[in-house]
Every structure is written in C-alpha cells, then in structure tokens.
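Below: one structure, written as structure tokens.
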C-alpha cells in the first residue's frame with residue numbers, strides 16, 4: 001500500500017511540474033506578443049499589467 005501512495009505522490013508532483021512549465025511557456029509567449037503588439041486583443045487577462 002505504501003508503494004501505491006508513493007507512486008500517487010510522484011504522479012501528482014510530476015503533473016504539477018508539467019503544468020507549471022506549460023503555464024510559464026504560455027506566459028512568456030503572451031509577454032512576447034504584448035511586447036511586439038501592445039494593442040493585441042489576444043490578452044487573456046486584461047486586468048494584469
């Protein structure tokens with residue numbers, strides 16, 4: 001049973017790392033779009049400066 005919980009914990013941690021990497025890449029792409037085209041309507045978070 002301990003092996004199951006260890007495996008579950010590893011899967012959850014890896015999932016969070018993968019999600020964070022994808023989120024960071026999306027944020028960097030959004031920043032690049034904002035820098036090149038400041039008036040781009042593709043901004044998903046209009047309240048963020």
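A few points about this structure:
- Modelled label positions at residue 30 and residue 16, each set 7 Å beyond Cα in the direction of Cβ, lie 2.1 nm from each other.
- Estimated inter-spin distance, residue 8 and residue 23, nm [label 7 Å along Cα→Cβ]: 2.3 nm
Just so you know, all these numbers are worked out from the coordinates, no wet-lab data involved. These numbers were taken from a predicted model, which means no experiment stands behind them. Cβ sites come from the backbone with ideal geometry, for glycine too, and all protein chains shown count toward neighbours.
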